[in-house]
Amino acid sequence: MTTRVLIFGRPGVGKTTLVRRVSECFPGFFRGFYTEEVRERNVRTGFHIVTLSGERGILAMRETSSSWRVGKYAVFVEEFEKVALPELEEARKLHAPCLVDELGKMEFLSQRFVEILRALWEETPFLLATACFPEIPQVREFLRERKIHRFLLTPQNREALLNQVIQLVATFTKGG
């Protein structure tokens, strides 16, 4: 049995908070990563990448240079690969449930990430991921492949959706 859960939402709606809370309800269950906003004086200036095993690095920052850019952010693809990909490769090797926050333009700059994500999508027993809404073309590829539990996160449904996703994970862990 495989389960795929994809949480869509606009920037700032709480996708990362939701998947972190789900992960906290099942300590040690997931391997993977989430993105964390970097803020200075209430202004988002970048993103950290944080693995569920505790590694962290810089994914993107404003007002700095990199070979890669998404909007106003310089993206550090090499740092992303150094921090996040070993975690995902370990999940694949262990056939472990996986959390990926997020399937976004910055992450898709890494071809190695795309390759590992494709393998995880096919092989891992449980995958919980987030993506922006409306979805980007790279995400559409994954939406065609399997039965997926798709949810749109809004400020109005945050708690109800959290409970629904927790229930999906709990059902999976019980083998049903």
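The values are calculated or read from the model by the stated rules, or taken from the named source; none is laboratory data. On a predicted model such as this, the values are computed, not experimentally measured, just so you know. Note that we place each Cβ from the backbone using ideal geometry, even for glycine, and neighbour counts take in every protein chain shown. Accessible surface areas use protein heavy atoms only, side chains included; no ligands, DNA or RNA. Shrake-Rupley method; radii C 1.70, N 1.55, O 1.52, S 1.80 Å.
The table for this structure:
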quantity: Net charge contributed by nearby residues that have their C-beta within less than 11 Å of Gly12 (K/R +1, D/E -1); calculated: +2
quantity: Label point at Glu63 placed 7 Å out along Cα→Cβ; residues across segment 22-39 whose backbone nitrogen lies under 15 Å; calculated: 38-39
quantity: Dipole-positive endmost among Trp68, Phe26, Ile49 within segment 11-76 (Cβ charges, Cα centre); calculated: Trp68
quantity: Estimated [θ] at 222 nm from DSSP helical runs (n ≥ 4, -39500 (n - 2.57)) normalised by residues in the chain, nearest 500; calculated: -11500 deg cm²/dmol
quantity: Heavy-atom accessible surface of segment 74-118: percent carbon and sulfur, 1.4 Å; calculated: 49 percent
quantity: Euclidean distance of C-alpha centroids, segment 22-51 and segment 121-153, integer Å; calculated: 19 Å
quantity: Segments 43-56, 124-137 sorted - mean Cβ within 10 Å per residue, highest first; calculated: 124-137, 43-56
quantity: DSSP beta bridges in the chain [antiparallel fraction, %, rounded to 5]; calculated: 50 percent
quantity: Å² of accessible area per residue within the chain, as computed with a 1.4 Å probe and no ligands counted; calculated: 51 Å²
quantity: Extension reserve of the Lys72-Glu115 stretch, reckoned as 0.36 nm per residue once the Cα distance is removed; calculated: 12.9 nm
quantity: Under 17 Å from the Cα of Lys72 - lysines, other chains or at least 8 residues apart; calculated: Lys105
quantity: Total charge dipole magnitude, the chain, about the Cα centre, Cβ charges on Lys, Arg, Asp, Glu only, Debye to nearest 20; calculated: 520 debye
quantity: Lys, Arg +1 and Asp, Glu -1 on Cβ, resulting dipole of segment 22-68 about Cα centre, debye, nearest 20; calculated: 80 debye
quantity: His149/Thr17 FRET efficiency (R0 22 Å; Cβ-Cβ; nearest 0.05); calculated: 0.75
quantity: Residues Glu36 and Glu122, FRET efficiency given R0 of 30 Å [Cβ-Cβ distance, rounded to 0.05]; calculated: 0.60
quantity: Protection-proxy order for peptides 157-169, 86-98, each taking the mean of Cβ atoms within 10 Å per residue, highest first; calculated: 86-98, 157-169
quantity: Local electrostatic count at Thr51 - Lys and Arg +1, Asp and Glu -1, tallied over other residues with Cβ under 13 Å; calculated: -4
